[in-house]
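Read through the structure below, which is laid out as structure tokens, and then see the notes.
The values are calculated or read from the model by the stated rules, or taken from the named source; none is laboratory data. Computed from a predicted model, the values in this text were never measured in an experiment. When we count neighbours, we look across all protein chains shown, and the Cβ atoms used for this are built from the backbone with ideal geometry, even at glycine. Calculation scope for accessible area: heavy atoms of the full protein, side chains included, ligands and nucleic acids excluded. Shrake-Rupley method; radii C 1.70, N 1.55, O 1.52, S 1.80 Å.
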Amino acid sequence: RYAPDLLRQVVHRYALAGLDEAQPWSRDFAPSFTLPQNVSRLAQHAFGELLNNAIDHSAGTVVTVSMRQTPSHLQLLVSDDGCGLFERIAQSFQIDNPAAAMLELSKGKLTSAPDRHTGRGLFFTARIADVLDLHANASAFQHRAWQRHQWKQGKAATQRGTSVFVAIALDTPITLDAVLREHSLDGQGYRLERTVVPLQLLTAPGTVLDSRAQARHAALRLAQFRHATLDFAGIAEIGHGFADELFRVYAHDQPALTLEPINLSPQVR
């Protein structure tokens, strides 16, 4: 007698042309797994968002989806053969540096198809996952729940297209509804009004946040939000021009936006 259980893995490969992202979940994946209700809801959301990104943005031909249940985690891998996420951002927004592109992605509301999307998919997928690894165009970035505001560069995979790996703990207490509400201004609604800016993505070995131009990069598109948490983790010092441009000039120009700096070293403070 067949029944879903632990230590199970399902893998399917789909042609992207005309693919409906709802059907693979309901037909090929959900029936094969026994998950806590909140984990199933988190997994379905991540599954749909990542598959839809491949369908609408990758310009590829096929996507491979793998989902595995271990004794402790549900693991999801979505890989397409398209142009690659960072190439798509370079084409749409003229942002050629993958770290700068990752900075904009991490803020949320970045989409190359604004008429059809709101740029919330990867933003919330990273926040419901315990582990998220993103690989594209010879670059890789990692997000971890225990370092919830940070994106770190990882070892890039060599395969073509974009691959996103997500792991969700089977005993996670979080719910999708709570994560969505957390990023509204009052914690009650569903508007994406709060964002986080991981400023370490603006630095490179041997550099600090010193210039007004760097401050303008940090502030790019923040006017779309009402509250921005500026995460200074890993940054030992900043220059006067950076601080003045961000906390005096930009703050004066955007009085409706609250800027909240966190993880300040004594020198940055």
Practice item. Go through the residues of the range 186-199 one by one and say whether even a single one is at pLDDT below 95, touching a Gly at 6+ places or on another chain (Cβ under 6 Å) and either acidic (Asp, Glu) or under 21 Å from Met102 (Cα atoms) (or both). Key: yes
Review point. Would you call Gln9 open to solvent by 60 Å² or more (accessible area, probe 1.4 Å), under 12 Å from Leu74 (Cα atoms) and in a strand (DSSP E or B)?
Key: yes
Check your understanding: Of all residues in the range 93-120 being of a type in the set (Gly, Ala, Ser) and buried (at least 22 other Cβ atoms within 10 Å of the Cβ), which is farthest from Leu74 (Cα to Cα)?
Key -> Ala101
Point to revise | Scope the range 182-201; condition touching a Lys or Arg at 6+ places or on another chain (Cβ under 7 Å) and polar (S, T, N, Q); matching residues | key: Ser184, Gln188, Thr195
Exercise for review: Would you check if Leu77 is among the hydrophobic types (A, V, I, L, M, F, W, C) and open to solvent by less than 50 Å² (accessible area, probe 1.4 Å)?
Suggested key: no
Check your understanding: Pairs under 6 Å by beta carbon, first residue β-branched (Val, Ile, Thr) in the range 11-37, partner at pLDDT below 95 and surrounded by 12 or more Cβ atoms within 10 Å (Cβ to Cβ), six or more apart or different chains?
Key -> Thr34/Pro4
Check your understanding: Does Ala129 satisfy the criteria of being within 15 Å of Leu201 (Cβ to Cβ), in contact with a strand residue (DSSP E or B) (Cβ under 9 Å, 6 or more places away or on another chain), open to solvent by less than 60 Å² (accessible area, probe 1.4 Å) and of a type in the set (A, V, I, L, M)?
Key -> no
Practice item. Scan the range 159-178 for residues that are under 30 Å from Glu260 (Cα atoms) and loosely packed, with under 15 Cβ neighbours inside 10 Å and report the count. Key: 3
Practice item. Count, please, the residues in the range 44-68 that happen to be modelled with pLDDT under 95 and either of a type in the set (S, T, N, Q) or assigned to a strand (DSSP E or B) (or both). Key: 3
Point to revise | Residue among Thr64, Thr125 that alone is touching a Leu at 6+ places or on another chain (Cβ under 9 Å) and closer than 23 Å to Asp171 by Cα | key: Thr125
